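Colleague: One structure, as structure tokens, below. Some questions next.
Please treat every number below as a calculation from the coordinates, not as lab data. As the structure is a prediction and not an experimental result, all values here were calculated from the model. Using ideal geometry, Cβ is built from the backbone for each residue, glycine included, and neighbour counts are taken over all protein chains shown.
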Amino acid sequence: MRSVKVTSVLVCVMVLLLAAAPVLAQDRDLGRETLPPNDGWAAEGAGTTGGAAAAPDHVYIVTNRSELVAALDSQSADPKIIYVSGTIDANVDDNNVPLTCEDYYRDGYSLEAFLAAYDPAVWGMEEAPYGPLEDARLVSRNVQQARVRIRVGSNTTIAGLGNDAVIQGAWLDLRGTATAPRSNIIIRNLTFRDTFDCFPEWDPTDGANGSWNALYDAISLRYTHHVWIDHNTFEDVATIDSSEPTYFGMHYERHDGLLDITNASDLVTVSWNQFRNHDKVMLIGSSDTASADRGKLRVTLHHNLFLNLGQRTPRVRFGKVHVYNNYYNIDHSPAYVYSWGVGIESQIYAENNYFKSGDITPDRFIGVYKGTMIHAAGTYANGRSLNRLVDVVAAYNAAFDPDLAPEVEWTPVLHTGIDPTHRVTGLVMSGSGPFNW
């Protein structure tokens with residue numbers, strides 16, 4: 001296994017070679033690139049530079065989980081650049097041997113024993129599980145969490161080498177505290193695949209029929225500001241929801257979000273990504289009572305593909321969120337719930353977004369969760385001509401009560417050029433996701 005110190009030298013050699021061969025598309029050094037001026041909320045103030053200023057001994061190529069964890073060294077705020085080469089699987093041991101869910105079992109836990117103990121026919125539906133097997137589930141969950149949860153510190157850039165760099169099964173945790181937030185982080189040119197929870201919680205009191213609730217997002221932000229998430233793909237493949245079983249009459253949900261922004265995080269730009277084949281995608285805001293989120297959670301989403309998703313693209317509480325030039329393909333989304341979640345005190349400013357929605361009518365594009373307002377203009381559905389322009393808020397108000405206010409209390413000023421809606425599908429399909437070197 002190559003050491004981090006050796007790989008930093010290899011990066012320097014790689015960059016010099018690429019500089020000598022400008023005819024190659026790969027002569028771009030994504031690790032040294034910074035967020036362009038005005039490109040969304042993350043450009044506020046000093047902007048977002050990530051690890052672009054890293055010294056040569058803080059530049060790394062990583063090829064497995066152990067190298068990634070060592071290179072990140074989240075306690076250090078020194079600028080650092082981490083290049084990901086190939087596929088990194090988080091569900092492995094220290095020798096990079098793959099681990100299954102059964103390898104995480106502790107204290108007598110097994111799924112079969114858990115299902116037998118807490119079957120509603122035995123346990124009932126009145127209270128959440130407790131006792132030895134629930135305790136064993138929590139211990140086993142923590143063992144998996146110690147593998148898949150990877151902390152990311154301030155002043156960091158993580159970028160894929162080529163267009164086939166994959167981080168699989170991992171939870172990148174960008175987490176500071178209220179008094180010591182993390183900041184200035186860039187994540188680009190990667191595919192995040194199959195982040196899954198081996199030990200979802202069973203809560204018989206969650207809804208009318210109970211629910212399985214999973215942990216782990218592909219990327220989560222808590223008490224973190226100035227973050228640029230750009231040209232990545234987020235998807236489920238081996239653990240796609242349709243392949244999961246049903247227990248206790250409910251779908252066995254092993255996924256949480258793909259990219260969640262909560263706990264007073266702020267000043268984030270999410271651009272040119274692809275989000276595919278998932279249910280809960282992007283939660284912006286912690287809870288309805290998280291008063292510390294007021295004045296925070298300022299996020300820009302532009303030129304992203306949202307394909308075959310269920311909900312939360314995004315769901316917003318408190319934040320001022322600019323959503324423009326995104327392509328929503330929900331035509332074959334059997335679990336579709338809504339796209340824009342209007343939560344408490346949220347102010348979504350949506351413009352020039354395109355929906356391929358099939359039989360899903362525009363009144364369903366919005367879900368309301370104690371919110372009262374949303375601006376939505378320039379939305380096209382199922383066609384690129386002006387007669388495909390739809391007033392999403394008016395459609396919602398015609399179908400549901402109470403009405404939403406069609407305007408919010410702010411107007412975005414931090415953004416690059418906003419493309420006409422008829423160009424969105426072509427731009428997003430050709431330009432989103434990892435770069436086509």
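Colleague: Could you sort 331-338, 243-250 so that the peptide with the highest average Cβ count within 10 Å comes first and the rest follow in order? All intermediate terms of the calculation are to be shown ahead of the outcome.
Modeller: Values: 331-338: 15.4, 243-250: 12.9.
Going from most to least packed, we get 331-338, 243-250.
Colleague: Quick one: 3J(HN,Hα) in Hz for region 364-378, Karplus 6.51/-1.76/1.60 with θ = phi - 60°, rounded, Gly and Pro as x.
Modeller: Per-residue couplings from phi come out as 8, 5, 10, x, 10, 9, 6, x, 10, 8, 6, 9, 9, 10, x Hz.
Colleague: Translational diffusion coefficient of region 4-431 at 4 °C, 1.567 mPa s, Stokes-Einstein with Kirkwood Rh over Cα pairs, in µm²/s as a whole number.
Modeller: Values: Rh = 22.5 Å.
The calculation lands on 58 µm²/s.
Colleague: How would Ile330, Ile186 line up from fewest to most surrounding beta-carbon atoms within 10 angstrom? Kindly include the intermediate steps, with their values, before the conclusion.
Modeller: Working: Ile330 22, Ile186 27.
In order of increasing Cβ crowding within 10 Å: Ile330, Ile186.
Colleague: Okay, helix-only estimate at 222 nm for the chain: each DSSP H run of n ≥ 4 adds -39500 (n - 2.57), divide by all residues, round to 500 deg cm²/dmol; what do you get?
Modeller: On the way: 7 runs with 69 residues, N = 437.
Value at 222 nm, helices only, nearest 500: -4500 deg cm²/dmol.
Colleague: Roughly how many whole Å is it from the C-alpha centroid of region 321-377 to that of region 104-135?
Modeller: Using only Cα atoms, the two centres lie 38 Å from each other.
Colleague: Moving to a separate point now. Mind jotting down a quarter of the surface of the convex hull over the alpha carbons of region 329-437, in square nanometres, one decimal?
Modeller: Working: hull surface 33.0 nm².
If I average the Cα hull's projected area over directions, I get 8.3 nm².
Colleague: How large, in Å, is region 95-247 by the Kirkwood hydrodynamic radius built from its alpha-carbon pairs?
Modeller: Values: mean 1/r = 0.0569 Å⁻¹.
With all distinct Cα pairs of region 95-247 included, I get 17.6 Å.
Colleague: Using unit Cβ charges (K, R positive; D, E negative) and no other charged atoms, how large, in debye to the nearest 20, is the dipole of the chain about its Cα centre?
Modeller: On the way: 33 positive and 52 negative charges, 275 e Å.
With Lys and Arg at +1 and Asp and Glu at -1, about 1320 debye.
Colleague: Still on this structure, I have one more. Counting other beta carbons within 10 Å of each Cβ, put Lys296, Lys280, Lys80 in order, fewest first. Kindly include the intermediate steps, with their values, before the conclusion.
Modeller: Numbers: Lys296 23, Lys280 20, Lys80 28.
Taking fewest neighbouring Cβ atoms as first place, the list is Lys280, Lys296, Lys80.
Colleague: Only loop residues by DSSP count here, and only those with at most 13 other Cβ atoms within 10 Å; note down the GluC sites (Glu not before Pro) in region 93-195 that meet that.
Modeller: Glu126, Glu127
Colleague: Only bridges whose two residues both fall in the chain count here: according to DSSP, what percent of them are antiparallel, nearest 5? Walk me through the numbers on the way to the answer.
Modeller: Numbers: 9 of 96 bridges.
Approximately 10 percent, going by the DSSP bridge assignments.
Colleague: Counting only residues 5 or more places away or on other chains, whose amide H sits under 5 Å from the amide H of Met373 once H atoms are built in the peptide plane?
Modeller: Excluding prolines and chain starts, which carry no amide H, the hits are Ala405.
Colleague: Counting other beta carbons within 10 Å of each residue's own, what order do His322, His251 fall into, fewest first? Could the numbers behind the result be given before it?
Modeller: Values: His322 26, His251 16.
If I rank by nearby Cβ atoms, fewest first, I get His251, His322.
Colleague: Taking loop as defined by DSSP and a crowding limit of 10 other beta carbons within 10 Å, which chymotrypsin sites (Phe, Trp or Tyr not before Pro) in region 130-234 fit? If you can, show how the numbers build up before the last one.
Modeller: Numbers: sites: Tyr130, Trp171, Phe192, Phe196, Trp202, Trp212, Tyr216, Tyr223, Trp228, Phe234; in loops: Tyr130, Phe196, Tyr216, Tyr223.
Sites meeting the loop and neighbour criteria: Tyr130.
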